[in-house]
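Written out below as structure tokens is the structure these notes cover.
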């Protein structure tokens, strides 16, 4: 029959390409090609449509009763034939699932199963080139497991009976049964029950083995107690031999002790000889040293003698100098006393003249003259006070002027600094405006990859092509720069320095993708990016962040804290590769240098970067500084341009506000500077005014002094003479006072020289006394050393005589030791020849010789008694214990095996039960979500949910028409299938079937006459839903139906290259063609 035209679309691996039948059921020979995603096989009843489904099920290894066409495989052979052949061609290429052994099979797997009347069916599995790969069922099972094909699952390969049963399901238990069969939950539950039953059987076996072991243990304990009470003849014989050996060892140890004592005495004698020789040599060697020491003492004594003479001579010469200094001191003191007497006489004369002057003044009427003089003196005094006050005021004004000038200079410096700051802020605002314009001008190329450069864009295009073609086994993330964001822009240079090598790095989930990516870049001649394949648990990207106990506790931020990651796995990769949490960032290079100079280490700090991206570290060679050679900071780590522009605008507004504040402060400083300038001008005027007043006061003072001098000259002659005498005496007293001071200084100087000379004289006297004492000590030491040398010479002679006597004693001891050693070695050789181990010879025997002889006699008598009483012997107990122990070990081995088997089965039962419950919960969740999604689609007129009761194993629908859809009225929550209307039931069962298909991955699905029980409207709706699900899931669907389609549906099929219709020939025509063949 003609095959459907091939489609340009690629089928999934494991899909059916072709089915070929020979002598199978009603077909003599039939070949059907399935090269589209959805295939409709149509034909009248009896045309052999259901035989295609039976061929697929039986050809892939299912049992005959699964086909519902016979109880055994021979029933599937065409009447009158001896065998039938079914050949199925499976697609074996594509991305998912992966092909099965593509190097052996190629792009197609050919599975041929031959059914015989008289023997079992056989398999032949071939490659695309027709080469036989295997004839074993095991290879077929591996193929089915690889593609997850479940030929006996009634939900995915539904024959007519199953379709009828599914559509006619009226109770919740029947619907729940289909839910149980779809993900094979019934098999899992049966496996759990079987495992639990085996565990109970194993525990019964363990209890039985424990009961069997108990009487054996009691018998072993009884016979062991009896054995302990028995004495072994071999033990007594061994004790006798041991005692005899101890007796001989006792003799050996006596000889050995004698040899050792002799050896110790010999060693002691030799040591004494060596000690005496060493002492004699030591004394003999010490005598020359003592003689040298004696000679040095004599030379030192001869050297001290002239020094003593010189010291005595210096002492004698210093005595006249001391006398002269003492005489000079006495003379200076006499001159000082005379000057003091003369000063006192002048002072007495001055007092007399002053009394005479006072009497003369009292005799004359000089009151007016004195008043005028006093007035002049007061005016002079007042003028001088005014001049001094003026000078004080002028100095105060000059100090205030200097203070104002300093303030003015400070104000001018502040204005200059404000101007610099103002210009810096202005430049910053201009730079921010440029950055804002740059971000605004980025437009469509504002994404991170475009900003990484042309190479990054080309690399990303290659990666996207591989992902679209599904050429990769796992996911791929990257580049890393597109998955990171900076929390603070000011640290951009430091972050770029730390992670620069990872900016263009891609992270793989599967190591197998590395070669695929490398080949793709090589073929397109694009430089390949760096690839990292550090994976999380289970070979997948980790969804949680790793815990780090060695995080840096520095007060400054780490690189890891300055970044936000769009996926935890990228964070784990970067932290694992670079230790980002151990790289800290400091605000300035100086702070980083200070950190290392002061050696104030932070815990777990790897190294330090400053805000400019310079690298600081410290190793065994000392502090290391590596400057940052990059000129631009990283702006690619912040992908949100709107927030970045907003941030820059906020920063610009802040700078503008600061600039305005600075302008106000500058105006205030300018005003203050002008005020200070005016104040300085006023102070200069005040100072000039005070200088003029001071000049006037000085002129006035000069006139007052001249007038006072004139007044004094106008005094009477006799009073004037007395005044002159008084003044002359005052001058003499002043000169005498100065002379007294000079003489007193000379006296103190002479006295100091005398004290210094006396101190030097005492030092020389003490030195002479010390030299005399030293000479006497040397004389006494020389005498003692001469006596000691004589004693040492006598000791050397005595040591030589003692050494000779000791050498004679050593020769005598050496002979005795040789004789004892030879006798001991002879006895040792005899014992070794008799089989005594050498280590036994070193063991000391505690018993005496008499005790050993008594023990030997008693043990020999006991041995004779044992030989006469053999009935209750130790050998009999030994054999019985061996027999019982062997039985017990066998039982214990069986018990251990049973216990291990029970523990293993119990663990398996727990694991299987957990897997069963997990699988059931997951299947329930998928079923409910998928069913609700299908019912909520916009094209659907209904909406609803599924309610599952796992305890009672029931399933209920909650279906109702959407508001305003024009559908039939809903039935409410918890509806049974029987209560659903016709439209609700048809669409609900189709959605339920599609939801069941989502529970297990299988490359293809087959439905046989699923639509024969529906009317035309519900059939078109159901088939449209099934085709839509088939296209969405990208899996192969085969529908077998005897009904035709409406013209509208046929028009949709023609326009859809994913759908094909295969028409079966009439039964009569097919039979005629078969007869002709």
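The values are calculated or read from the model by the stated rules, or taken from the named source; none is laboratory data. Computed from a predicted model, the values in this text were never measured in an experiment. Because the Cβ atoms are built from the backbone with ideal geometry, glycine has one as well, and the counts that use them run over all protein chains shown.
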Given (1) surrounded by fewer than 15 Cβ atoms within 10 Å (Cβ to Cβ); (2) within 30 Å of residue 702 (Cβ to Cβ); (3) at pLDDT 70 or above, where does residue 368 come up short, assuming only one miss?
-> (3)
Qualifying position, being surrounded by 15 or more Cβ atoms within 10 Å (Cβ to Cβ) and part of a helix (DSSP H, G or I), among 303, 246 = 246
Can you list the strands (runs of 3 or more DSSP E) found entirely within region 89-162 that contain at least 1 residues being at negative phi and buried (at least 17 other Cβ atoms within 10 Å of the Cβ)?
-> 108-116, 122-126
If you go through region 514-523 one residue at a time, do you hit one that is modelled with pLDDT of 80 or more, part of a helix (DSSP H, G or I), touching a strand residue (DSSP E or B) at 6+ places or on another chain (Cβ under 7 Å) and more than 30 Å from residue 647 (Cβ to Cβ)?
-> yes
From the list 1024, 954, pick out the single residue that is surrounded by fewer than 21 Cβ atoms within 10 Å (Cβ to Cβ), touching a helix residue (DSSP H, G or I) at 6+ places or on another chain (Cβ under 8 Å) and modelled with pLDDT of 80 or more.
-> 954
Residues that are modelled with pLDDT of 85 or more and touching a helix residue (DSSP H, G or I) at 6+ places or on another chain (Cβ under 8 Å), drawn from region 76-97 = 76, 84, 86, 87, 88, 90, 92, 93
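Conditions (1) outside the structural domain of residue 274 (by TED's automatic domain parsing); (2) in a helix (DSSP H, G or I); (3) surrounded by 11 or more Cβ atoms within 10 Å (Cβ to Cβ), marked per residue:
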| residue | (1), (2), (3) |
| --- | --- |
| 787 | no, yes, no |
| 796 | no, yes, yes |
| 800 | no, yes, yes |
| 803 | no, yes, yes |
| 820 | yes, yes, yes |
Out of all the residues in region 235-249, which are under 16 Å from residue 830 (Cα atoms) and in contact with a helix residue (DSSP H, G or I) (Cβ under 6 Å, 6 or more places away or on another chain)?
-> 246, 247
Residue 202 fails exactly one of (1) assigned to a helix (DSSP H, G or I); (2) surrounded by fewer than 18 Cβ atoms within 10 Å (Cβ to Cβ); (3) in contact with a helix residue (DSSP H, G or I) (Cβ under 6 Å, 6 or more places away or on another chain), namely (2)
Among 708, 743, 676, which is the only one that is at pLDDT below 75, in a helix (DSSP H, G or I) and surrounded by 13 or more Cβ atoms within 10 Å (Cβ to Cβ)?
-> 708
Evaluate region 887-896: report whether one residue or more is in a helix (DSSP H, G or I), in the same structural domain as residue 993 (by TED's automatic domain parsing), closer than 26 Å to residue 185 by Cβ and modelled with pLDDT of 85 or more.
-> no
What residue, among those in region 611-631 that are part of a strand (DSSP E or B) and farther than 17 Å from residue 578 by Cα, is modelled with the highest pLDDT?
-> 626
Return yes or no: is residue 810 out of contact with any strand residue (DSSP E or B) (no Cβ under 8 Å at 6 or more places or on another chain), closer than 23 Å to residue 286 by Cα, surrounded by 15 or more Cβ atoms within 10 Å (Cβ to Cβ) and modelled with pLDDT under 80?
-> no
Within region 993-1010, identify whether any single residue is modelled with pLDDT under 70, out of contact with any helix residue (DSSP H, G or I) (no Cβ under 7 Å at 6 or more places or on another chain) and in a helix (DSSP H, G or I), and answer yes or no.
-> no
With (1) within 60 Å of the chain's Cα centre (by Cα); (2) free of Cβ contacts under 8 Å to residues at least 12 places away in the same chain as the list, and residue 213 as the residue in question, which single condition is left unmet?
-> (2)
When residue 944 is run through (1) surrounded by fewer than 14 Cβ atoms within 10 Å (Cβ to Cβ); (2) under 26 Å from residue 171 (Cβ atoms), the failure sits at (1)
